[in-house]
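Here is the structure we will look at.
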Amino acid sequence: MNIGVIIIFHNNEIDINPKEFVKHIDAADHIKICFVDNESKDETLEKLLEIKDISANRVSIVQIKKKVSKEAAKRAGARFMFNDFNLNHLGFIDTSVLIEHNYNLNKIVASLCEKKDEIIAFNKKNKSEQRTKSTLFKSVFSVLDYFKYDDLDKSSNMQQSIL
């Protein structure tokens, strides 16, 4: 079962370690990742392009030229992912939330790649508990909600400083 993940970036060049990303992404053939660059003014886009060049069949980039809200950036990534891939599950990560909670982006990506089955089970459970039918955009789930559920947000590994 394939899972897609949208990761929304805005001026996150210091948070991105391309070698770490590629190592984890290449080890997880079941994940498609869409980087959404929300008008970064630093070298974020260049680092994302470096990752895409190495992991081209698993990584896509949506570049937004004028900064938009988190929801609009998530919708842009979701439209792209739903149009280009046959995915059963689509989650998102907003890097601004990672920074607020002092999470390490590289470790989140590593855990995401390692815990695919648990994340899918979490998403299925949440979908079954919803009272209303999910629309395209409402079916996109927060990957960080899984980590909160799994109590990983208390782990010192997740809160280490950026590599």
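The values are calculated or read from the model by the stated rules, or taken from the named source; none is laboratory data. The structure presented is a predicted model; accordingly, all values stated were derived computationally and were not measured. For neighbour counting, all protein chains shown are included, and Cβ atoms are generated from backbone atoms with ideal geometry for every residue, glycine included. Just so you know, the surface numbers come from the protein's heavy atoms only, side chains and all, with ligands and any DNA or RNA stripped out. Shrake-Rupley method; radii C 1.70, N 1.55, O 1.52, S 1.80 Å.
Checked across segment 43-58, the condition of being open to solvent by 60 Å² or more (accessible area, probe 1.4 Å), modelled with pLDDT of 95 or more and of a type in the set (A, V, I, L, M) holds for at least one residue.
Output the helices (runs of 4 or more DSSP H) that fall wholly within segment 42-122 and possess 2 or more residues being free of Cβ contacts under 8 Å to residues at least 24 places away in the same chain, or say none.
Numbers: elements: 44-54, 70-84, 95-100, 105-114.
Counting at least 2 such residues, we get 44-54, 70-84.
Got at least one residue in segment 11-29 being basic (Lys, Arg) and farther than 27 Å from residue 118 by Cβ? Within segment 11-29, none of the residues are basic (Lys, Arg) and farther than 27 Å from residue 118 by Cβ.
Any idea which of 138, 107, 133 is modelled with pLDDT of 80 or more, charged (D, E, K, R) and open to solvent by 20 Å² or more (accessible area, probe 1.4 Å)?
Working: 138 fails: modelled with pLDDT of 80 or more; 133 fails: modelled with pLDDT of 80 or more.
Testing whether each residue is modelled with pLDDT of 80 or more, charged (D, E, K, R) and open to solvent by 20 Å² or more (accessible area, probe 1.4 Å) leaves just 107.
Being of a type in the set (A, V, I, L, M, F, W, C) and within 18 Å of residue 54 (Cα to Cα) is the filter; apply it to segment 7-19 and report the residue that is farthest from the chain's Cα centre (by Cα). Checking each candidate, the answer is 16. Before we move on, is residue 111 small (Gly, Ala, Ser) and under 22 Å from residue 14 (Cα atoms)? Spelling it out, residue 111 is indeed small (Gly, Ala, Ser) and under 22 Å from residue 14 (Cα atoms). The single condition from (1) surrounded by 22 or more Cβ atoms within 10 Å (Cβ to Cβ); (2) at pLDDT below 90; (3) of a type in the set (A, V, I, L, M, F, W, C) that residue 28 fails is (1). The single condition from (1) touching a residue at least 12 places away in the same chain (Cβ under 8 Å); (2) over 28 Å from residue 121 (Cα atoms); (3) not in a loop (DSSP other than H, G, I, E, B) that residue 19 fails is (1). Among the conditions (1) out of contact with any Leu (no Cβ under 8 Å at 6 or more places or on another chain); (2) buried (at least 20 other Cβ atoms within 10 Å of the Cβ); (3) modelled with pLDDT of 85 or more, residue 118 misses just one, which is (2).
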